[in-house]
Each structure stands twice: as structure tokens, then as C-alpha cells.
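The values are calculated or read from the model by the stated rules, or taken from the named source; none is laboratory data. In this text the structure is predicted, and so the values were computed from the model without any measurement. No Cβ is skipped: glycine too gets one built from the backbone with ideal geometry, and neighbour counts run over all protein chains shown.
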């Protein structure tokens, strides 16, 4: 599994071994150029029920759902955090950010 948190080119994808699954949370999604690999849907979160007046780009998502990266931005603002997830993933903060998202009422969107 490769976690793609930024757009990667077909050339960069060529570094992945055959059979790789690209789990992505990048908007727009990466191009599915490898026939010998699989590509996951974009990660998404359902907004808390009490959210009003939030403008967001739903792109290919249903109403009330936002891309995980956009939900992350909202969680960071709600928590007053100054760190960000641009660039390499800080694996030591994954659980911290996930728990904060759930605490604020965000829920994962499960796609069939």
C-alpha cells in the first residue's frame, strides 16, 4: 500500500511494485495509470450534524461530506493547532487528529 497525500505523477507511480494499492487523500485524485495496481476512492468525512454555513467543494461527494484533507483543516482550526499535514505524514499525530475529528462530530464516509 502506498499512501498518496499529494498528487503523484505516472512516473512517480512507476516506482511502486506490481500489485500496489494507492490509498489516496489528495484532491484531485491521482490518475489511475497502472493496470497492475489498484486505486482507492478519495477519503471523506461526513460533517457534524450541527454545521451550518460552511462552504466547501464537495467535488464528487454527496451533500454533507467533505474530503478528508478539508475536514482536517476544519479540525485544526477547531483545535487551535498550528501544525499542518502538508508534506510528509507525521505518523505520531495520526491518532491525535483522528480522535479530534471524532470528538468534533466528523464521521468517516464509507463508500461501497
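Against the criterion of being without any contact (Cβ under 8 Å) to a residue 40 or more places away in the chain and either touching a helix residue (DSSP H, G or I) at 6+ places or on another chain (Cβ under 6 Å) or closer than 26 Å to residue 70 by Cβ (or both), residue 5 does not qualify. Tallying residues that are in contact (Cβ under 8 Å) with a residue 24 or more places away in the chain, under 12 Å from the mean Cα position of the chain (by Cα) and either surrounded by 13 or more Cβ atoms within 10 Å (Cβ to Cβ) or in a strand (DSSP E or B) (or both) within the range 15-45 yields 8.
Conditions (1) touching a strand residue (DSSP E or B) at 6+ places or on another chain (Cβ under 6 Å); (2) farther than 17 Å from residue 109 by Cβ, marked per residue:
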{"position": "7", "(1), (2)": "no, yes"}
{"position": "11", "(1), (2)": "no, yes"}
{"position": "17", "(1), (2)": "no, yes"}
{"position": "20", "(1), (2)": "yes, yes"}
{"position": "27", "(1), (2)": "yes, no"}
{"position": "36", "(1), (2)": "no, yes"}
{"position": "48", "(1), (2)": "no, no"}
{"position": "74", "(1), (2)": "no, no"}
{"position": "78", "(1), (2)": "no, yes"}
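The C-beta contact set for the range 99-112 (first residue farther than 10 Å from residue 71 by Cα, second residue modelled with pLDDT under 95 and part of a loop (DSSP other than H, G, I, E, B), distance under 6 angstrom, 6+ apart or interchain) comprises 105/48; 111/41.
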